[in-house]
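Participant: Mind having a look at this structure? Questions to follow.
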Amino acid sequence: MRKFNFCAGPAALPEPVLLQAQQELLDWGGRGCSVMEVSHRSPEFTEVAETAEQDLRDLLAIPDNYKVLFLHGGATAQFSAVPWNLFGGPGRVADYIYTGQWAKKAIAEARRYGPVNVVASSEDRNFSYAPGPDSWQQSEDAAYFHYTPNETIGGVEFDYVPEVSCPLVADMSSNILSRPIPVEKFGMIYAGAQKNIGPSGIAVGIVRDDLLDRALDGIPRSLNWRVAADAGSMDNTPPTFAWYLSGLVFKWLKARGGVSAMELESRRKSAMLYDFIDGSDFYSSPVEPGSRSRMNVPFVLADDSLDGAFLEQSEAAGLLNLKGHRSVGGMRASLYNAVPMEAVEALVAFMADFEKRMG
Ligand SMILES: Cc1ncc(COP(=O)(O)O)c(C=O)c1O
């Protein structure tokens, strides 16, 4: 029996997608083998790859002057790929916003390749908010500006797109495809797949054409976006199963009304949980209103000695993976696209009952 899964990633996948993959595992479309067992250069896989790209383009309304890349190494490889591809040479500075654990990793990686200016940080209030533009200290001529629209661990989400005069780069790993985005405002967007796209093992990159040719000398071939773009993301063998499954998720999303529908749904789901938390003296949210993520909802119990009982009982009630990240503690419910409203209803009912019994 499938249970409600609130894992931050790898996260719940849509049930119809899993069922289709299951059905096709031994005999994919009458070919007598699975999609994992054919050449990535075969016409049948080429069709999978091209259809997935087109569906993603449709979902996010990606303009023609952007390449869509399917990449190895997760979002972490892109922490390195961004500076390698965009610093453009010595003497340039990269601007970064520091909003939590993932921004921290991205900044640390960029510093290996060139100077980083931390434009703004929310460390002063324990990464509980997205710093507004009035506090930013931008460089005059930055090579690029990087931010993390949704901090998966802290549960902080930007509710606006920064306006900057250099290429804007976003790590959208945990909120891509959860609402429409003005792609034309970005130079580069990347996202590890294992939250709103598909299984782990693949990442999506969306790169504006004019940014493909400023890589630093010595860039590893596997991180070079120009190489990936020219080879249709097949310079070497791509993670074909993850690509195929991501394609099924894109079809599922389209059938459900696309990213506008996902935005509405994510607002309804997260509002239900935040409203419940705010109405209770037993649970609280460490994130400031206005910066609260629709995708990842961390919350703490008034008495943390009850954390163990909460996790044990929630799991027994069929609510999986509610433990907060080890660096923050408490709980975290991730409400990605594949997590249905019924999961949030069940979670809230459980939380109310737990409070009544234990609070
Ligand atoms: C916002 C964000 N960036 C980067 C990563 C790292 O992704 P990966 O494990 O695919 O390298 C994660 C993983 O959870 C994430 O949530």
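Every number in this text was worked out from the coordinates using simple rules, so none of it is lab data. Note that the structure is predicted; figures quoted are calculated from it, not measured. Please note: Cβ atoms are built from the backbone with ideal geometry, for glycine as well, and neighbour counts cover all protein chains shown.
Participant: In whole percent, what relative contact order does the chain give with Cα contacts below 8 Å and a gap of six or more residues? Can you show the working numbers first?
Facilitator: Working: 675 pairs, mean separation 84.5, N = 359.
Averaging sequence separation for qualifying contacts and normalising by length gives 24 percent for the chain.
Participant: Mind checking region 318-359 for trypsin sites (Lys or Arg not before Pro) that DSSP puts in a loop (not H, G, I, E or B) and that have at most 15 other Cβ atoms within 10 Å?
Facilitator: Working: sites: 323, 326, 332, 356, 357; in loops: 326.
Answer in residue order: 326.
Participant: Here's something else I'd like to know. Starting from the Cα gyration tensor of region 273-359, take the square roots of the eigenvalues, sort them a ≥ b ≥ c, and report rounded, prolate or oblate (rounded when a/c is under 1.5, otherwise prolate if a/b is larger than b/c, else oblate).
Facilitator: Values: a/c = 1.31, a/b = 1.12, b/c = 1.17.
In terms of gyration-tensor shape, rounded.
Participant: Moving on. Can you list residues whose amide H is under 5 Å from residue 69's amide H, if they're 5+ apart or on another chain and H is modeled 1.01 Å from N?
Facilitator: 205, 206, 207
Participant: Just name one of 170, 33, 48: the one whose Cα is farthest towards the positive end of the charge dipole of the chain (beta-carbon charges, Lys/Arg +1, Asp/Glu -1).
Facilitator: Checking the options against the dipole of the chain, the answer is 33.
Participant: Over all pairs of distinct alpha carbons, what does the Kirkwood formula give as the hydrodynamic radius of the chain, in Å? Could the numbers behind the result be given before it?
Facilitator: On the way: mean 1/r = 0.0472 Å⁻¹.
By the Kirkwood definition, the hydrodynamic radius is 21.2 Å.
Participant: Using the Karplus curve 6.51 cos²θ - 1.76 cosθ + 1.60 with θ = phi - 60°, work out ³J(HN,Hα) for each residue of region 179-196 in order, rounded to whole Hz, and write x for Gly and Pro.
Facilitator: 5, x, 10, x, 4, 5, 7, 10, x, 8, 10, 9, 7, x, 6, 6, 10, 10
Participant: Ranked by Cβ crowding within 10 angstrom, fewest neighbours first, how are 251, 3, 269 ordered? Please report the intermediate quantities before stating the final value.
Facilitator: Numbers: 251 17, 3 14, 269 24.
Exposure proxy ranking, most exposed first: 3, 251, 269.
Participant: Still on this structure, please answer the following. Suppose every Lys and Arg Cβ carries +1 and every Asp and Glu Cβ carries -1, with no other charges. What dipole size does region 15-255 come out with about its Cα centre, to the nearest 20 debye? Write out the running numbers ahead of the final one.
Facilitator: Numbers: 19 positive and 30 negative charges, 85 e Å.
In total the dipole reaches around 400 debye.
Participant: What whole-number distance in Å separates the alpha-carbon centres of region 10-42 and region 312-359?
Facilitator: The two parts, judged by their Cα centres, are 31 Å apart.
Participant: Determine ³J(HN,Hα), in whole Hz, for all residues of region 284-293 in sequence, where each value follows from phi through the Karplus function 6.51 cos²θ - 1.76 cosθ + 1.60 and θ = phi - 60°; x replaces Gly and Pro.
Facilitator: With the stated coefficients, region 284-293 comes to 8, 9, x, 9, 6, x, x, 10, 6, 6 Hz.
Participant: Exposure proxy check: 36, 234 ranked by fewest other beta carbons within 10 Å? Write down the numbers at each step before the final one.
Facilitator: Working: 36 13, 234 16.
Least crowded to most crowded, the residues run 36, 234.
Participant: Please list, in chain and number order, the residues 5+ apart from residue 292 or on another chain whose amide H is under 5 Å from its amide H, with Hs placed from the backbone.
Facilitator: 157
Participant: Using the Karplus curve 6.51 cos²θ - 1.76 cosθ + 1.60 with θ = phi - 60°, what ³J(HN,Hα) values do you get for each residue of region 162-175, in whole Hz, with x for Gly and Pro?
Facilitator: Here the 3J(HN,Hα) series is x, 9, 9, 9, 10, x, 8, 10, 10, 8, 9, 3, 10, 9 Hz.
Participant: For 2, 292, 256, which order do you get if you count the other beta carbons within 10 Å of each Cβ and list the fewest first? All intermediate terms of the calculation are to be shown ahead of the outcome.
Facilitator: Working: 2 9, 292 24, 256 14.
If I rank by nearby Cβ atoms, fewest first, I get 2, 256, 292.
Participant: Region 122-207: which GluC sites (Glu not before Pro) are DSSP loop and have at most 12 other beta-carbon atoms within 10 angstrom? Walk me through the numbers on the way to the answer.
Facilitator: Details: sites: 123, 140, 151, 157, 163, 184; in loops: 140, 163.
Here the GluC sites (Glu not before Pro) that fit, given the DSSP loop and packing criteria, are 140, 163.
Participant: Report, ordered by chain and residue number, the lysines lying within cross-link reach of residue 104, taken as a straight Cα distance under 25 Å and ignoring same-chain residues fewer than 8 apart.
Facilitator: Hits, sequence-local ones excluded: 185, 195, 323.
Participant: Right, here's the next one. Of the residues 19, 347, 253, which exhibits the maximal mean-square fluctuation in a Gaussian network model of the chain defined by a 10 Å Cα contact cut-off?
Facilitator: So, out of 19, 347, 253, the one fluctuating most is 19.
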